[in-house]
Every structure is written in C-alpha cells, then in structure tokens.
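Structure, as structure tokens:
The values are calculated or read from the model by the stated rules, or taken from the named source; none is laboratory data. Predicted model, so just to flag it, every value in this text is computed and none were measured. Cβ coordinates were reconstructed from backbone atoms using ideal geometry, including for glycine residues, and neighbour counts include every protein chain displayed.
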C-alpha cells in the first residue's frame, strides 16, 4: 500500500520552498519547450547555471522531469502558458 499512498499524495511545494524570480523565468522557458542552451542564451548565463536552476526547480516542486515541473508550475499558478 505505500506505493498507492505515495502516488496519491498531493504535490505542492513547501511554503519555504518558493521559486526565485530567476527560477520562475527558467520554468516559463521550459514551458515554451526551450532547451538548456536556448535558455542560457536568452538569459545570458551558462548552461551549467541553467542546469543548476532546473535542479533547484525540480527539488522545490518535487518534480522529476521538465514536463512534470511545468505542469506543477501551471497547476500551482506559478506560470501560465
């Protein structure tokens, strides 16, 4: 049964895990379907920094894929498409 409970749990970010303005920008660009290089070019940062932001977004939203992060961002009103 633990697998069922885990699958059914609500996935909201913790109140103290609010995305930074830069993470929100990156999440919006992920929602546009941009890859790391395009995000880096648009923001004038390195791909490594983009990967760092994405990792932080995944942790804060409890997501494991870009699609899941974008979906959660939309559901929670963090971003719109």
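Against the numbered list (1) outside any helix (DSSP H, G or I); (2) surrounded by 19 or more Cβ atoms within 10 Å (Cβ to Cβ); (3) free of Cβ contacts under 8 Å to residues at least 12 places away in the same chain, residue 19 comes up short only at (3). Filtered by the rule that a residue be in contact (Cβ under 8 Å) with a residue 24 or more places away in the chain, in a helix (DSSP H, G or I) and more than 12 Å from residue 24 (Cα to Cα), the stretch 51-67 gives 59, 66. Scan the stretch 48-59 for residues that are surrounded by fewer than 14 Cβ atoms within 10 Å (Cβ to Cβ) and over 12 Å from the mean Cα position of the chain (by Cα) and report the count. Total meeting the criteria: 1. Can you find a residue in the stretch 35-42 that is crowded, with 19+ Cβ neighbours inside 10 Å, out of contact with any strand residue (DSSP E or B) (no Cβ under 9 Å at 6 or more places or on another chain) and in contact (Cβ under 8 Å) with a residue 40 or more places away in the chain? Within the stretch 35-42 (the criterion being crowded, with 19+ Cβ neighbours inside 10 Å, out of contact with any strand residue (DSSP E or B) (no Cβ under 9 Å at 6 or more places or on another chain) and in contact (Cβ under 8 Å) with a residue 40 or more places away in the chain), the answer is no, since none of the residues qualifies.
In the condition set (1) buried (at least 20 other Cβ atoms within 10 Å of the Cβ); (2) under 13 Å from residue 19 (Cα atoms), residue 62 is compliant with all but (1).
Which one of these is more than 14 Å from the chain's Cα centre (by Cα) and modelled with pLDDT under 95: 7, 40? Talk me through it step by step, then tell me what you get.
Values: 40 fails: modelled with pLDDT under 95.
Result: 7 is the single residue among 7, 40 that is more than 14 Å from the chain's Cα centre (by Cα) and modelled with pLDDT under 95.
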